[in-house]
Amino acid sequence: MEHSDDCFLVPGPVRMGKPCLEALATPVMTARGPEFRDVMATLNSGLRNAFNLAPSKPVRGVQSWSGEDDYKVVVVSGSGTAAMEMVIANRFRSNDLVLVPTNGKFGERVAEMCKRFCNVKHLKYEWGRAFDLYELEQQLARGCYESLLICHNETSTGITQDAAAIAEMCSRHKTSFILDGITSVGGMPVHPEEWNAEAVVVGSQKCTAGPSGIAAIAFNSNFEERVHAIREQGDSNPNYYFDLVSAIKKGGDDQTPWTPAINLALGWGAALEVLSHETNEGRWKRCAHMAHGVRELFTDLGFELLADREQRSDTVTAIMYPEGIDDAWRTRLKDDYNTQVIGAQDHLKGKMFRVGSMGETPVAEMVEGCKRMIACFKSFGHELPEVSVETYFA
Ligand SMILES: Cc1ncc(COP(=O)(O)O)c(C=O)c1O
């Protein structure tokens, strides 16, 4: 199927599908009545599927937030950062020490956030380079860390961390493992239970193609016990709106402590139903297929990719601009070719662009978008070999 509309190939917020947009337009309901509790039950159940957890019934009053595993899900009014802050602020005491290895902007943000609430050993690797697992092992062997936190899929540099290997080390060293899964959950394999992850965070607007401004946390019983113990000891970091104890108190009743983001919850619930119809495996496969095509195509065209080869992401690809090209290319791509990708952050600004392969983006849109990117590079006088774009996505 050909794609003639605009191409929106951004690593989130992604385009929302019709079911989500229609659900967002539902007339407002009360925040505490049975109708909204039904909405929460649908959302909780959809989230458990997206987090790759045991299923729950999308039915009010039957503990839709939990299932036959050790995990619960809690919905947060706010973007992914809010949910991550909620995890960190509630899970750690100010004198705890955590380990945060990073190789991009969002990992560094996790480290910065932790610094507001506890002590941090920040292992700062170059952007796009894989972590040195030997160094992580040595650090964990010191036995002084309460937790290790990572940004699982580093959207700023297009690298995915080896979560399974890090999880194994954390289990062996009895250190809790927490993940920012904001651009991995729903877009690539994430296994909270297998990895014994204490908490995983997802943002609606990325791989699950929901609206911006709502997020969720999946957490296990260790996490919950620590949060409660710290509160009972009177040792909590200050917080009120993002108090997990209040959120947990209401969660089992399909409710939230404060006025929920009612219509965002409706929209996200509908987007998660689309995901459950596609299936996690189906969506992971489509995202991986598109990312693989982008990687192979641009490599064959002579471009350099930022991330280490073995750990390139399946939801976002970071591609260096060739000599003589900068973000003026992106502006022309948008204005003249009706196609959007995103630029880089911090010291890489103007030096590369990022292509998102997440959410509900059809393969045909990716194919057309890549053709337009090539045409736009050529319009700058940049010579490229002739290729058949379709064959990369066949
Ligand atoms: C991996 C990752 N973590 C955190 C964030 C921040 O999330 P939000 O903007 O939803 O607060 C982003 C946003 O792009 C991200 O990609």
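Of all residues assigned to region 65-86, at least one qualifies as being more than 15 Å from the chain's Cα centre (by Cα), within 12 Å of the ligand (Cβ to nearest atom) and not in a strand (DSSP E or B). Here the condition is being over 25 Å from Arg60 (Cα atoms), within 16 Å of the ligand (Cβ to nearest atom), β-branched (Val, Ile, Thr) and at pLDDT 95 or above; of Ile182, Ile217, Ile230, it holds for Ile182 alone. Against the condition within 21 Å of Pro260 (Cβ to Cβ) and more than 10 Å from the ligand (Cβ to nearest atom), how does Pro211 come out, does it pass? Judged against the criteria, Pro211 is a match. Pairing each residue of region 23-35 that is of a type in the set (Ser, Thr, Tyr) with any residue that is surrounded by 10 or more Cβ atoms within 10 Å (Cβ to Cβ), provided the two are 6+ apart or on different chains, yields C-beta distances under 6 Å for Thr26/Leu266. Identify, please: which residue in region 182-206 is small (Gly, Ala, Ser) and in a loop (DSSP other than H, G, I, E, B) and is, among those, farthest from the chain's Cα centre (by Cα)? That would be Ala197.
Taking residues in region 173-185 that are under 13 Å from Thr155 (Cα atoms), and partners anywhere that are within 13 Å of the ligand (Cβ to nearest atom) and of a type in the set (Phe, Trp, Tyr), the pairs with Cβ atoms closer than 7 Å and at least 6 places apart or on different chains are Asp180/Phe106.
Taking first residues from region 71-90 that are within 17 Å of Pro211 (Cα to Cα) and partners that are within 13 Å of the ligand (Cβ to nearest atom) and among the hydroxyl-bearing types (Ser, Thr, Tyr), the Cβ contacts under 8 Å between residues at least 6 apart in sequence or on separate chains come to Ser79/Ser212. Of the residues making up region 15-43, just one is touching a Phe, Trp or Tyr at 6+ places or on another chain (Cβ under 7 Å) and crowded, with 18+ Cβ neighbours inside 10 Å, namely Leu43.
Note on region 333-387: residues that are in a loop (DSSP other than H, G, I, E, B) and free of Cβ contacts under 8 Å to residues at least 40 places away in the same chain amount to 7. Selection within region 116-163: residues that are among the acidic types (Asp, Glu) and more than 22 Å from the chain's Cα centre (by Cα). The member of this set that is surrounded by the most Cβ atoms within 10 Å (Cβ to Cβ) is Glu146. Flag set for Gly210, criterion: assigned by TED's automatic domain parsing to the domain that holds Phe36, touching a Ser or Thr at 6+ places or on another chain (Cβ under 9 Å) and part of a loop (DSSP other than H, G, I, E, B).
The values are calculated or read from the model by the stated rules, or taken from the named source; none is laboratory data. Worth saying up front: this structure is predicted, and the values here are computed from it rather than measured. Glycine also receives a Cβ, built like all others from the backbone with ideal geometry; neighbour counts cover every protein chain displayed.
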